[in-house]
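Where a number appears in this text, it was derived from the coordinates with a stated rule and is not lab data. All of these numbers come straight from a predicted model, not from anything done at the bench. As a convention, Cβ positions derive from the backbone with ideal geometry for all residues, glycine included, and neighbour counts pool all protein chains shown.
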Amino acid sequence: MAFDGIVVANIVHQLKNTILNGRINKIAQPENDELILTIKAQAREQYRLLLSAGAGLPLVYLTEQNKPNPMTAPNFCMLLRKYLNNAKIIDIVQPDFERIINIELEHLDELGDLSIKYLIIELMGKHSNIIFCDENHNIIDSIKRVNQFVSSVREVLPGRPYFIPKTTEKHNPLTIDYETFKESVLIKPASIGKAIYTSLTGISPLMANEICYRASLDAEASTASLSEDIGLHLYRNFTNLMEEVKAASFQPNIIYRDGTPMEFSSMHLKCYETFDIVNYDSVSSMLETYYAKKNAANRIYQKSADLRKIVSNAIDRTSKKYDLQLKQLKDTEKRDKYRVYGELITTYGYGLEPGAKELTAINYYNNEEIKIPLDPTLPPMENAKRYFDKYSKLKRTYEALSSLINDTRDELSHLESIQTALNIATQEDDLIQLKNELIDYGYMKKKHRDGKNKKKPNVKNKSKPFHYISSDGYHMYVGKNNFQNDELTFQLADGGDWWFHAKNIAGSHVIVKAGGNELPDKTFEEAARLAAYYSSARGSDKVEIDYTLKKNIKKPSGGKPGFVIYHTNYSMIVSTDISDIKEVDD
C-alpha cells in the first residue's frame, strides 16, 4: 500500500469538491491521535472528515461512520472547539506535493474580527501529526507534542514556528524539468526505481515501479544502464503520469490477490493489470473499504494464530507418522518371498546335504531358478518354519498397517480441511466452529474458568455459509468449515441439487439449488470456480473439480465432518477467479 503524494492529491481534490467553503459544525476526538470533523457544506450536505495521525495508520478521508467519544474531551479537542466551531474552510492545499494537507480556516475571534487559522495534517508514518497554527504559522498546539529529546530536526510545541522539515533534498514532481530530472534521478548511483522515489517528493516505491513499468524498464536495473534516449523515454512516461495528476484524472482502486486487498492507488496501475482490480467512485470510499477489509483480515488472522499453530503442529506430527507407516508397509513387501522360500524348502529340502548354506531350486510359480539362503545349523524343515514365521509376522504387520494407514490418511485429510477452513474464515464466529471441531476430535482441550467440566448452555453460532447468485439466478452456497459442509450437503441440499468439490484436495462443499431445473452451463462453471477458490489450491491457475447430483453423495458410517464418498461424477478444470460472481449478504 502507498499513502503517497498522489493519493494525498486525490484526497485534496475530493475535499475541495465537497467541503470547501463549508463550516465546521462539530469536533470530536474519539482516539488519542484521531479527530472527526463534522462539516456542513454550502449545499446543506453534512460530511464527516476523519483525520488520523496514528503512527501505523495515518489517514484522511470522508466517512459516514461515527465513533463513540470519551466522556471528557481531550485538551486538544477542547482547544479546537474554542477556535474552530463554525469556522469556514476557505482553502485546502497540498504543499510541494508532500504528504501534507493544509486546511485554511476563517473564524471570528473574541472581538468579532475575522481571523485565520491553519489545521495541518502530516501523513508521514511514525512522524504523522495534526498541528494547529495561527495566521503566522506559529504552532498553537498539536495532537502530538514533539520536543528536542524526541526530534532534533523540528520541535512541535506551542509557540514554535511551523515549517516542513527538509531532511533530504527532493524535487517537486509536478514542476521538475528534464535537466533537473536528469541530474537528480538519471545519474544517481542506485536502481532506477529507488532513484525516482528518493529524489522526488511524494513518489512512493509503488509509483516508481509503475513509472518504470510504463517505460518498459526494470525498476531494479541500475541507472548506469540508461542511455540518453532511454532516460528521456523514462522522463516522458513520468511526466505523462504527472499530467494525469495535474488534470485530476484520478481512478481510485484496490488491487486484490486471492480475495485479499493487496494494494491501493489513486491511479490505474498497469503493472497490476493481471490482478483483480476494483474501482471506486471516490478516494474516501477506497480508503475506508481497503482499511476495513485489511483490518478485518488481519484481526481474524491474529485471532486464529493459536488455532493455526495447533493445526500446523498436528499436520506435521501426522505427516511424519504417515511417512513412517508407509516405510514400514514397504518393508512388508518381502513377505510373499519368505512364503515361497518356505514352500520350496518343504518341497525340495529332502535332498539337501547336512550343513548346506543354500538351496538351489526351480520356483514353480514362474519356472525360474532361485537360490534360497539357509541356516546351516538347522535342518531343512526348521529353515522352512523360520521363513513361514517371518511371512506370518510380516503379513500381520501388513494387515495392521493397512488399516492404520487408512486412518492416518483420513486424519491428515481432516486436518488439512480444517487448515483450509482457517484460511477462508472471515468472522470470529467461523473460528468458534473450527475451535469446537478441534476440541471434539481431541486436538484441543476445552478450558473452563473454574477448572470443572461444566456444560455451558448452547449458544447459537452466527457463522453462515457463503451465499452467491449465479449469472443465471441460481443460489449457490459454500461451506466455511466441515460442519457447514455437512449441513449444506445433507440438510440444505435436495437429491436433485448439484454438489461440487475440488478433486482429491481439501476444500469446501458447494451446493447449487437447482429447483427442479436443468442448470445452464454458465452456472456449472461458476459453481466449479467457487469450489476451486475455496480449496487448498486457491493460488493455482487451474483446478480440477468433481461435481454430481446430491443424491449420489453418501456419508460413510463414522466418517468425520465434511467427509463423503461418491462413485458417479463429472469433472471439469476451471480457474480460481470468482471476481465476477455476485455474493449475497444474508
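Brief remarks on what is shown
- 477, 391 arranged by Cβ crowding within 10 Å, fewest neighbours leading: 391, 477
- Magnitude of the charge dipole, the range 466-583, Cβ model with Lys/Arg +1 and Asp/Glu -1, debye to 20: 460
- Rounded tilt (10° steps) of 380-424 against the dominant C-alpha axis of the chain: 20
- If the segment from residue 251 to residue 375 were pulled out straight at 0.36 nm per residue, it would be longer than the present Cα-Cα gap by 36.1 nm.
- Cβ-derived FRET efficiency at R0 30 Å, residue 93 paired with residue 279, nearest 0.05: 0.65
- The stretch between residue 363 and residue 585 holds 72.8 nm of extra length on full extension. This uses 0.36 nm per residue minus the Cα-Cα distance.
- Restricting the range 351-405 to trypsin sites (Lys or Arg not before Pro) that sit in a DSSP loop and have at most 15 other Cβ atoms within 10 Å of their own Cβ leaves 357.
- 27 Å Cα-Cα threshold exceeded, pairs from 446/513; 513/582; 294/480: 446/513
- Filtered GluC sites (Glu not before Pro), the range 1-76: DSSP coil and at most 11 other beta carbons within 10 Å: 45, 64
- Relative to one another, the C-alpha centroids of the range 358-403 and the range 144-181 are positioned 87 Å apart.
- Test item: Cα-centred dipole of the chain, Lys/Arg +1 and Asp/Glu -1 on Cβ, debye: 2720
- The angle between the Cα long axis of helix 428-440 and the main principal axis of the chain comes to about 20°, on a 0 to 90 degree scale.
- Under the Karplus curve 6.51 cos²θ - 1.76 cosθ + 1.60, θ = phi - 60°, whole-Hz ³J(HN,Hα) for the range 186-195, x wherever Gly or Pro sits: 5, 10, 6, x, 6, 5, 4, x, 5, 4
- 32 Å Cα-Cα threshold exceeded, pairs from 303/554; 435/503; 16/67; 40/462: 303/554; 40/462
- Full extension of the segment from residue 445 to residue 356, taken as 0.36 nm per residue of separation minus the current Cα-Cα distance, would add 25.9 nm.
- Working from Cα pairs under 8 Å separated by at least six residues, relative contact order for the chain is 8 percent.
- For the range 507-586, the list of GluC sites (Glu not before Pro) that fall in a loop by DSSP and count at most 15 other C-beta atoms within 10 angstrom reads 518.
- Couplings 3J(HN,Hα) for the range 516-524, derived from phi with the Karplus relation 6.51 cos²θ - 1.76 cosθ + 1.60 (θ = phi - 60°), are x, 9, 8, 5, x, 4, 4, 5, 4 Hz, where x marks Gly and Pro.
- Judged by the mean number of other Cβ atoms found within 10 Å, the most tightly packed of the peptides 528-536, 120-128, 313-321 leads the ranking 528-536, 120-128, 313-321.
- The range 520-566, dipole about Cα centre (Lys/Arg Cβ +1, Asp/Glu Cβ -1), debye to the nearest 20: 340
- Taking a ≥ b ≥ c as the square roots of the eigenvalues of the alpha carbon gyration tensor, the range 1-80 is oblate, as a/c is not under 1.5 and a/b does not beat b/c.
- Between 0 and 90°, nearest 10: helix 205-214 axis offset from the chain longest Cα axis: 80
- Selected from 506, 262, 121, residue furthest toward positive end of dipole (the chain; charges at beta carbon): 506
- Spin-label pair residue 347/residue 138, simplified geometry with 7 Å Cα→Cβ offset, distance in nm: 11.4
- Remark: 403, 249 ranked as 403, 249, counting other beta-carbon atoms within 10 Å and listing the fewest first.
- Under the Karplus curve 6.51 cos²θ - 1.76 cosθ + 1.60, θ = phi - 60°, whole-Hz ³J(HN,Hα) for the range 86-97, x wherever Gly or Pro sits: 6, 5, 9, 7, 9, 6, 9, 10, 10, x, 6, 6
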